[in-house]
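Some notes on the structure that comes next.
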Amino acid sequence: MERRPAFPSSFETHFIDIHEVLPEEEDKGKTQKIDKADHKRINRPIKVRDTNKRPHRSLNRQVSLETGFSVHNWESKAKDDRRVLTRSGRSLGGFDSANRIGLGAPKGDFSLFKTKPTLSKQNPLLPSRKEREMVSQRKDGSTGLDDSDYEDILLPKDEKWPFLLRFPIGCFGICLGLSSQAVLWRTLATSPATKFLHITPFINLGLWLLALAVLISVSFTYILKCIFYFEAVKREFFHPVRVNFFFAPWVVCMFLAIGAPPMLEPQILHPAIWCSFMAPYFLLELKIYGQWLSGGKRRLCKVANPSSHLSVVGNFVGAILASKVGWNEAAKFLWAVGFSHYLVVFVTLYQRLPTSETLPKELHPVYSMFIAAPSAASLAWQTIYGEFDGLSRTCYFIALFLYVSLVVRINFFTGFRFSVAWWSYTFPMTTASVATIKYAEQVPTIISKGLALTLSFVSSTMVAILFFSTLLHAFVWHTLFPNDLAIAIKKRRLVKEKKPFKRAYDIKRWTKQALTKNSSVNKDSDKAGY
């Protein structure tokens, strides 16, 4: 017998018997301990941390709109532990290459975004649906009610992605800027208000050919992206900002038809030209406007941003082209549809809720889209009715005020790196310049002509600067198309959505109670009347 304290800091003493243990007994004791431990581990209830106790990051507007992103990791044990990882992006779902348990995507594997993949085939080692449901269960076995989203980076960030995967739909903004410049220089060459400048029509011809060449190259490249990486195209279509640029190719085609050089343009445009450009635009418009009206998470109050004007401007451009082909009633129809939705978008963007996230700084150039819609509306009205009357001037003055209000906020449009988004400046500024020239035709004063020349010079200078900057970044510095992180974010819901709790003041219950009361009152009145 020997006395030994159980703990060095304790004042109590415990007596422990020490006797010789045979090898067989020792093995039995070990196996019994192992069996007990296994039994405890098997029967032990799975503990899941309560996600309501600790804050977590959900996919906000800045994350989903452009470059910002955060990643969440799972531990190797099946615990729902949310952590923000470093921005290495070396794995699928935030797993590091050292501790992947068969759940990460191999480095350089871009098959997830190729055409017609299935996630289970491309990465069969991803957590299954049953495993995710097990993670979402609570201690009592019930399903979790937290409807938060997890964010994963699906592609590696430390290596360069394929070119087609980095080529965004926003490149059609370059075509918008160049094609609108072709319209501007045709107007400068043919307008009576600027006749004293003696501008040669060959400038319009050169810009028109350049815009056509850029449109063909961008369209061909994006068609290749649709062929090889259709899943990436689908992600861009569901993006709240980039979905609006799917209208851009058809608007560019209509601009090229409107701004065609006089030596190449026939006397009367064939209506088939308008039908071929406006039909796909109108079908896409029906889908987007329907989602705005009754689209749940895609309703306008949730996805509205300045680039939403691009889905409205095409109505006015289509109205101008319809008037040129001789279909005035179709032009009036498109103008009415465009103006009604412009008012809705304008009011929605002005009355944003305090809880609505703003655009990231890299997308501040799209705020210039505020100028495009009223300018195009004034031009369309003038083309349809043949004069720059009161309504046309009203739309123009709105555009002019918005132009000035954005110009004075210079700091709002500085402090971020060059990107394709900068081309969002060109199209609205050029449209406002054309509208000013038309206003100077109706009101031929020194102020109106000077304003027309000033805005035209500013817009042309901006297009020239951006064009040469784009060439340098694309072919010299190779920085124009970085990894497109905006489409590489995956929202993964681990738990089921929370069903609304039925309360005493629920609308349905209140309605039923009101109906029963009214029916009882009617019965009593019938009895009394009888």
| query | For Phe346, are the conditions met, namely being within 19 Å of the chain's Cα centre (by Cα) and free of Cβ contacts under 8 Å to residues at least 40 places away in the same chain? | reply | yes
| task | Quick one: in the range 367-398, of everything that is within 28 Å of the chain's Cα centre (by Cα) and of a type in the set (A, V, I, L, M), which residue is most open to solvent (accessible area, probe 1.4 Å)? | result | Ile398
| query | Would you pick out the residues in the range 342-366 that are in a helix (DSSP H, G or I) and open to solvent by 50 Å² or more (accessible area, probe 1.4 Å)? | reply | Leu343, Val344, Val347, Tyr350, Lys361, Glu362
| task | Looking only at the range 406-416, decide whether some residue is in contact (Cβ under 8 Å) with a residue 12 or more places away in the chain, closer than 21 Å to Met369 by Cβ and not in a helix (DSSP H, G or I). | result | yes
| field | Residue tally, condition surrounded by fewer than 24 Cβ atoms within 10 Å (Cβ to Cβ) and farther than 23 Å from Met429 by Cβ, over the range 325-341 | value | 11
| What number of residues in the range 244-264 are closer than 17 Å to Ser323 by Cα and under 18 Å from the mean Cα position of the chain (by Cα)? | 0
| Any idea how many residues of the range 399-453 are of a type outside the set (Val, Ile, Thr), over 17 Å from Val366 (Cα atoms) and open to solvent by less than 20 Å² (accessible area, probe 1.4 Å)? | 5
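So which of Val233, Val251, Val241, Val317 ends up being β-branched (Val, Ile, Thr), over 29 Å from Lys114 (Cα atoms) and open to solvent by less than 20 Å² (accessible area, probe 1.4 Å)?
Of Val233, Val251, Val241, Val317, the one residue that is β-branched (Val, Ile, Thr), over 29 Å from Lys114 (Cα atoms) and open to solvent by less than 20 Å² (accessible area, probe 1.4 Å) is Val317.
The values are calculated or read from the model by the stated rules, or taken from the named source; none is laboratory data. Since the structure is predicted, the reported quantities are computational estimates derived from the model, not experimental observations. Note that each Cβ is placed from the backbone with ideal geometry, even for glycine, and that neighbours are counted across all protein chains shown. What goes into the accessible areas is simple: the full protein's heavy atoms, side chains included, and nothing from ligands, DNA or RNA. Shrake-Rupley method; radii C 1.70, N 1.55, O 1.52, S 1.80 Å.
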